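Contents: one structure, followed by commentary.
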C-alpha cells in the first residue's frame, strides 16, 4: 500500500505538467483578480473567499482531467486490477498523491493570498482548515466525475459532479458568514470534516467500481 | 364548499392576480399533454417499426 | 409464494401486460381527480389574507415540487434494486422516470417563479431551496445525457444507477433547506409532526391535488416505462408477437 503510494507519487512528481501546470494557472488567476479592481479598494471577505473557492474548484477540475486516461490507454490500469492487492488502493494512492501535490499547495497559496488581500482578524486558522478540507472533497469528487466520463471528455463528468459539490459550497459560505458575524462556526467546520471523512474512504471504492465497469 | 367568485370576469382577473394563476394552469396542462402524447406516439411508432421489421424478416 | 409472485411480476413481459391493461383507466381516473382538485382549489376556496388570489398557484406548485423529489427517491430505490439483484425491470423504470422528473422539476421551478412575481416582487432568488431545486433539474438532465452518451446499454445502466445513488444526498438538503436557512421561501406548510399551518378549507384540496398529481405522474411513468421496455426488448420474441 505504502509502496504503491510512493510509486504513484513519484510518477506524478516526474510529470511536471500534471501538477505544476495547474498551480501556475492558479497563480496567474490570483494575479489577474486584483488587476480588475481599483488599487485602493479593500476586498470584501465574502467575495475573496468565494472567488478562491471557485478558482480552486476550477483548477482542480483542470488538473484531474486526464488522471485515469493515460493509465487506461497504456494498459497499466488493467495490470493494477490483475495484481494481488486491492484495486481501490490504487485509486486512493492516486487521490492522495494528487492531494499532496495539488490540494495542499493550492490551500497554502489561497491562504497567503488572503493574508495580503483582506484584513484577517479571527479567521486565520479556520480559513486554512476550510481550504484544506474543501480541496480534499473537491479532489475526491473530481476523480469520481472523471472516472465516470473516462473516454468521453471531462464535460459529462463535470455536469454530474458539480451539483453534488454545491452542498459543500453552501456549507463553506454559511461557515464564513457565521465566522464574520463572530458566531460559533465550529458546527459548520465539523460538518465539512464529516463530509471529507465520509468521502475520503468511500470514494476510492466507488471510483474503483466504476473503473472496473470501464475495464470489462 | 362554496363558489368563491361572483362573475366570469372575476374568475379571469382574480383581483389582478388571475394572469399569473392562469399562465401556470396553461403551462401545467401543456407540459402534461406533451409528456403523455410524446410517449404514446413513440410507443406507436416503435410498435409499427417492430412489426414491419419482423415481417421483412419473415419474408 | 410471495417470491414467485415477485419473480413473475418482475419480468418485463408480465409487467408490460399488466401495465398495458391498467394504464388507460389509471391515467383517466387521476386526470379527472386532479382536474377536480384544481377546480376546487382555484374556484371554491376563499382568498388568502396576505397573498391574495395568487396563492392559488399553491395547488399546482406544491404537488409538482413534492413529486419531483419523490420521483428521484423512487429512481434511487429502483437503482438499489438493480445494483443488488440485477433486476432488469427496475432499471427500465428508473430510466423512464428521468425525463418525466426533469419535466416536473422544470414545472415546479416555473410555477414558483411565476408565483414569486406578485408575492416577492422578483421571479428568481438565489436562495437555498430554489437553488437546490435547480440542482435537481440539472441532475435529471445530466442523468439523461449520461445514459444517452453510452452506446452500450449495460454499462450505461450501471453508471446511471451509481450516479442516481450519489445524487440522493440532494433530496434531504432540498427538504431541509427552508428550515436550516431563513430565506425568502416560506417554510413548509404541512409537516408530518406538527399541526398544519394552513386553513383546513385550503388544506383538503391541497392534499387531494398532491395525491392526484402523484397518481397522474405515476400513470405517465407507466406509459414511459412501457416505451422503455419495448425499446430495450425489441429483439425478444414476445415483443415481436405483440
Nearest 10, in degrees from 0 to 90: the angle of helix C:58-85 to the longest Cα principal axis of chain C is 30 degrees
One finds the C-alpha centres of the range C:121-153 and the range A:154-216 to be spaced, in Å, by 18 Å
Applying the gyration tensor rule to the Cα atoms of chain C (axes a ≥ b ≥ c; rounded if a/c under 1.5, else prolate if a/b exceeds b/c, else oblate), the class is prolate
Rounded to whole angstroms and listed largest first, the alpha-carbon spread of chain A along its three principal axes comes to 58, 35, 32
So for the range A:13-96, using the alpha carbon gyration tensor with a ≥ b ≥ c as root eigenvalues (a/c under 1.5 gives rounded; past that, a/b versus b/c decides prolate or oblate), I'd call it prolate
Residue A:23 and residue A:124 label points (each 7 Å along its Cα→Cβ direction) are spaced in nm at 2.4 nm
Taking Cα atoms, the helix A:16-35 axis meets the longest principal axis of chain A at an angle in degrees (rounded to 10) of 20 degrees
Taking a ≥ b ≥ c as the square roots of the eigenvalues of the Cα gyration tensor, with a/c under 1.5 meaning rounded and otherwise prolate when a/b exceeds b/c and oblate if not, the protein assembly as shown is oblate
Relative contact order as a percentage, the range A:128-216, C-alpha pairs under 8 Å and 6+ apart, gives 38 percent
In nm, the gap between the two label points placed 7 Å beyond Cα toward Cβ at residue A:177 and residue C:14 is 5.4 nm
Taking Cα pairs closer than 8 Å and at least 6 residues apart, the relative contact order of chain C in percent is 33 percent
Taking only the alpha-carbon atoms of the range B:14-58, the convex hull volume per residue, in cubic angstrom, is 31 Å³
With label points set 7 Å from each Cα along the Cα-to-Cβ direction at residue A:82 and residue A:198, the distance between them in nm comes to 3.8 nm
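Only the coordinates and a few stated rules stand behind these numbers; no lab work does. These numbers come from a predicted model, not from an experiment. Because the Cβ atoms are built from the backbone with ideal geometry, glycine has one as well, and the counts that use them run over all protein chains shown.
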